[in-house]
Every structure is written in structure tokens, then in C-alpha cells.
1. Is at least one residue of region 53-67 modelled with pLDDT under 65, of a type outside the set (A, V, I, L, M, F, W, C), closer than 16 Å to Ala109 by Cβ and exposed (fewer than 10 other Cβ atoms within 10 Å of the Cβ)?
2. Return the residue satisfying two criteria in turn: it lies in region 111-127 and is surrounded by fewer than 17 Cβ atoms within 10 Å (Cβ to Cβ) and in contact (Cβ under 8 Å) with a residue 24 or more places away in the chain, and of such residues it is nearest to the chain's Cα centre (by Cα).
3. Please determine whether any residue of region 100-109 is surrounded by 11 or more Cβ atoms within 10 Å (Cβ to Cβ) and acidic (Asp, Glu).
4. Given the criterion over 18 Å from Lys150 (Cβ atoms), in a helix (DSSP H, G or I) and modelled with pLDDT of 90 or more, identify the matching residue among Leu131, Leu116.
5. What do you reckon, is Glu77 of a type in the set (D, E, K, R), assigned to a loop (DSSP other than H, G, I, E, B) and at pLDDT 90 or above?
6. Taking the condition of being within 15 Å of Ile80 (Cα to Cα), out of contact with any His (no Cβ under 7 Å at 6 or more places or on another chain) and hydrophobic (A, V, I, L, M, F, W, C), how many residues in region 111-151 meet it?
Amino acid sequence: GHINDSIQSTWTMTNNSAEFWVDIFGHQIMDVTHQYEQWACTQNQVSPSHFLKLDGANFKICIMRYSTVVMNYHNYETAIVKTYGIQLVGWPEGVNFANPSVISTVAEAHKLCNPLHSGSCFWKKLSKNKLELFVTELNTRHVAGKIVQKP
């Protein structure tokens, strides 16, 4: 298994062979398949420190003072940009701005990973003026009846 493999794992079963996995291991066969796939794709591929480097130095500096920051794609503008004064710049076109865990193809994963790795997609701290302008525009949209924060 490799992150660049484009073949999806499948199982062929006869009669009640799927029940073996539940009876003996306590897990459905597809759960085992997904766990195996995750394990295979992470073996000697990328170290966790690699992902920290992808976030960029600016992000680490801005966020270090906050101990419980969690990325919020659903309410990014209010939960991240407005709250912390940082912005993700250079998100690739053709990739939905959503949690990368919802990416379903290798091609889409590359579209996101390559800009992160090259540095063309990065976290940037907004200046005080740019943050104030952003918040003003956000408030203007809110007053105009547009949804700026989703439930």
C-alpha cells in the first residue's frame, strides 16, 4: 500500500465468511480493511514532523499562545480568521475548502498536498488593519442578512 496507489482495496467472500471477522476479531471486514489501508499508507511514508512543517512558521508562531486551537472549516471566517487573526493563503482551486479527511481521490490529495509542501499554500498572520477590515466586511455581510456563521 502506498498513498499514490489508485486501486481500492476489495474483498471477495463466500457464504458466511464475513461473519468470521465479527465472531473471531469483533470487527466488520470493512473496518479491518480501512485500518489496514491506513496502516499500509503510513508505513515509512511521512513523519508527523513533516505535517508540522507544512503548516508554516507563521502559523506556529501565531498559534503557540493558544493551547486548544482546533481547525474549523465549517466556520473558518469567524472561528479562525476573526478569532486568531490568521488566514490560509493559496488554497488550491478545484479542492473544496473542507477537512482533508473528506478527500476521496489520490489526485485531489495531491492537489492539496503539493501546494502545502511547496509553500504556495500557507498560514499568514493578518496585520491589525487587514484584520479590522476583514471583521468590518464580515459584519457588513451579517447586517445584510448573509450567513457568516453556520450552526
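The values are calculated or read from the model by the stated rules, or taken from the named source; none is laboratory data. Fair warning: this is a prediction, and the values are worked out from it, not measured in the lab. Methodologically, a virtual Cβ is constructed for each residue, glycine included, from the backbone with ideal geometry; neighbour enumeration extends over all protein chains shown.
1. No, region 53-67 has no match at all.
2. The residue in question is His117.
3. Within region 100-109, one or more residues are surrounded by 11 or more Cβ atoms within 10 Å (Cβ to Cβ) and acidic (Asp, Glu).
4. Only one candidate qualifies: Leu131.
5. Here the answer is no, as Glu77 does not meet what is asked.
6. Residues flagged as within 15 Å of Ile80 (Cα to Cα), out of contact with any His (no Cβ under 7 Å at 6 or more places or on another chain) and hydrophobic (A, V, I, L, M, F, W, C) within region 111-151 amount to 7.
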